[in-house]
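Contents: one structure, followed by commentary.
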């Protein structure tokens, strides 16, 4: 869109959901901006978005399997609570029971409030939840 000079319509004052924290340590970019996967459950990407409703904002965190381009986990809330993204990740891990060996979970570098856990990690050997906040 940028190359073609196109942009989306913005109504009202824009709401910023993530703010990069330049002072926070950042994990290495394990995918080096290459968003391709050779098989399912090898690379998941995560993001948060929001939509204005009549009663306020609704926030949604989602996890997408890059290989199949399917949403494998999601959570919605009326508030931008810090565990929203982790709840979506936990749902994805439960839904994709099986071998998650070598899985990379990648998200942007934004920070919601005091939420400063690692933005990406490798799943523990043999699958399972393991330490979701650890460095690779």
Förster-model FRET efficiency, 35 Å R0, residue 71 and residue 24, C-beta, rounded to 0.05: 0.80
Roughly how many nanometres apart are two label points built 7 Å out from the Cα toward the Cβ at residue 42 and residue 58? 3.5
How far, in nm, would the chain grow between residue 9 and residue 50 when pulled straight, counting 0.36 nm per residue and subtracting the alpha carbon separation? 13.3 nm
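Just so you know, all these numbers are worked out from the coordinates, no wet-lab data involved. Note that the structure is a prediction, hence the values are computed from the model and not measured. Positions of Cβ are generated from backbone atoms using ideal geometry, with glycine treated the same way; all protein chains shown enter the neighbour counts.
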